[in-house]
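Following: one structure in structure tokens, then a few remarks.
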Amino acid sequence: MRLARAAVFMGLILAAAVSRAEILLTTDWLENVHGVYTPRAERESTKLDTAVWTSLRSRIATPLNAEGRSGNMFSGQGYRMFFDGDLNYATVLGFMPKTRPEEVCKIKRETSQPTYRCEQGQRYTLACHLGLYNANFEEAGWHTVTIRESQPVFCNAVPAMGRYDSKHNDLLLIVQYFSVDEPTVATTRSEIGSGWQRMAVRLKLSRDKDGRFSVEQDDSCLGNPNAISTIDDARRKLRQCEKQPGHR
């Protein structure tokens with residue numbers, strides 16, 4: 001009986017170890033080895049950019065140009081991401097996602113303050129996204145950040161991304177956004193960015209046997225929206241929350 005209980009206990013320990021994989025992020029693209037630069041077409045950053053645009057084309061609502069790209073988006077920092085020792089890639093970006101397969105948003109041009117509307121009638125907004133790719137630059141996971149504001153928002157940057165700690169399969173993002181219903185035209189240099197808000201987002205990662213990632217946005221500790229503007233502050237908030245009685 002004791003041996004059986006010990007076996008069950010060891011099984012639980014092993015299961016917990018298998019379910020947790022340390023995440024490591026690096027921006028070292030290894031494009032200069034001993035003073036020799038990798039040709040641009042062969043660089044990881046170039047291949048990741050191509051992979052991102054493959055993902056975008058089926059998701060973006062604003063029209064693409066003749067090269068199959070669009071200026072109505074932004075790309076943030078890309079990372080080499082090691083998950084359980086395996087090389088993957090992670091990148092953040094912002095664009096207007098389709099709410100239905102055939103949706104198109106041709107941005108309505110204004111002569112004064114922008115109204116953030118499409119010629120087709122809907123609001124023109126940007127969402128922030130996380131794209132995950134495997135070592136072959138194939139899409140392996142995707143998440144669109146949910147921001148629970150009462151008004152439509154325009155996510156214009158992801159200033160920071162980092163891992164939570166070595167005990168969790170979690171990424172932390174700092175997203176920056178503003179409401180499209182608020183005045184956004186600055187008349188002085190000091191007013192630039194005065195209406196922008198930042199919040200921290202916790203994303204829990206898991207991976208199946210085929211290497212595909214599931215991404216869960218967990219707002220239970222940080223709240224949504226929140227006013228957390230740095231990765232370190234997000235970590236502190238999470239650690240405080242996890243110490244509370246009844247937290248799982």
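Here L87, L56, L93 are screened, and the one residue that is open to solvent by less than 10 Å² (accessible area, probe 1.4 Å), part of a strand (DSSP E or B) and not hydroxyl-bearing (S, T, Y) is L93.
Among the residues of segment 159-198, those identified as aliphatic (A, V, I, L, M) and modelled with pLDDT of 95 or more are A160, M161, L171, L172, L173, I174, V175. The set of residues in segment 81-111 that are touching a residue at least 40 places away in the same chain (Cβ under 8 Å) and over 22 Å from the mean Cα position of the chain (by Cα) comprises E103, V104, C105, K106, I107.
In the set F95, F137, F74, only one residue is within 25 Å of I174 (Cα to Cα), touching a Lys or Arg at 6+ places or on another chain (Cβ under 6 Å) and hydrophobic (A, V, I, L, M, F, W, C); that residue is F137. Mind checking which pairs have a first residue in segment 56-80 that is within 25 Å of W29 (Cβ to Cβ) and a second that is of a type in the set (K, R) and part of a helix (DSSP H, G or I), Cβ under 9 Å, 6 or more apart or different chains? Listed pairs, sorted by first residue: G68/R57; R69/R57.
Has segment 223-242 got at least one residue that is modelled with pLDDT of 95 or more, part of a strand (DSSP E or B) and among the hydrophobic types (A, V, I, L, M, F, W, C)? No, the conditions are met nowhere in segment 223-242.
Of all residue pairs spaced 6 or more apart or on separate chains, those with beta-carbon atoms under 6 Å, a first member in segment 146-168 that is without any contact (Cβ under 8 Å) to a residue 40 or more places away in the chain and a second member that is of a type in the set (D, E) and surrounded by 13 or more Cβ atoms within 10 Å (Cβ to Cβ) are Q151/D181. If I filter segment 149-159 for residues that are more than 25 Å from I231 (Cα to Cα), hydrophobic (A, V, I, L, M, F, W, C) and open to solvent by less than 20 Å² (accessible area, probe 1.4 Å), do I get at least one hit? No, because not a single residue in segment 149-159 is more than 25 Å from I231 (Cα to Cα), hydrophobic (A, V, I, L, M, F, W, C) and open to solvent by less than 20 Å² (accessible area, probe 1.4 Å).
Residues in segment 29-44 that are open to solvent by 90 Å² or more (accessible area, probe 1.4 Å), outside any strand (DSSP E or B) and either among the aromatic types (F, W, Y) or more than 18 Å from G78 (Cβ to Cβ) (or both): H34 only. Please work out which residue is farthest from R207 (Cα to Cα), limiting yourself to segment 147-169 and to residues that are part of a loop (DSSP other than H, G, I, E, B) and in contact with a Lys or Arg (Cβ under 8 Å, 6 or more places away or on another chain). Restricting to residues being part of a loop (DSSP other than H, G, I, E, B) and in contact with a Lys or Arg (Cβ under 8 Å, 6 or more places away or on another chain), the top hit is P152. Scanning segment 96-127 for residues that are of a type in the set (S, T, N, Q), modelled with pLDDT of 95 or more and open to solvent by 50 Å² or more (accessible area, probe 1.4 Å) turns up T99, Q120.
Among the residues of segment 191-234 satisfying the criterion of being within 24 Å of N88 (Cβ to Cβ) and acidic (D, E), which is nearest to the chain's Cα centre (by Cα)? Going through the qualifying residues, I end up with E216.
Does at least one position in segment 138-145 carry a residue that is open to solvent by 20 Å² or more (accessible area, probe 1.4 Å) and touching a Ser or Thr at 6+ places or on another chain (Cβ under 8 Å)? Yes, some residue in segment 138-145 is open to solvent by 20 Å² or more (accessible area, probe 1.4 Å) and touching a Ser or Thr at 6+ places or on another chain (Cβ under 8 Å).
The values are calculated or read from the model by the stated rules, or taken from the named source; none is laboratory data. If you're wondering where the values come from, they're calculated on a predicted model, not measured in any experiment. Don't worry about glycine lacking a Cβ; one is built from the backbone with ideal geometry, like all the others, and counts go over all protein chains shown. Surface areas here come from the heavy atoms of the whole protein model, side chains and all, with no ligands, DNA or RNA. Shrake-Rupley method; radii C 1.70, N 1.55, O 1.52, S 1.80 Å.
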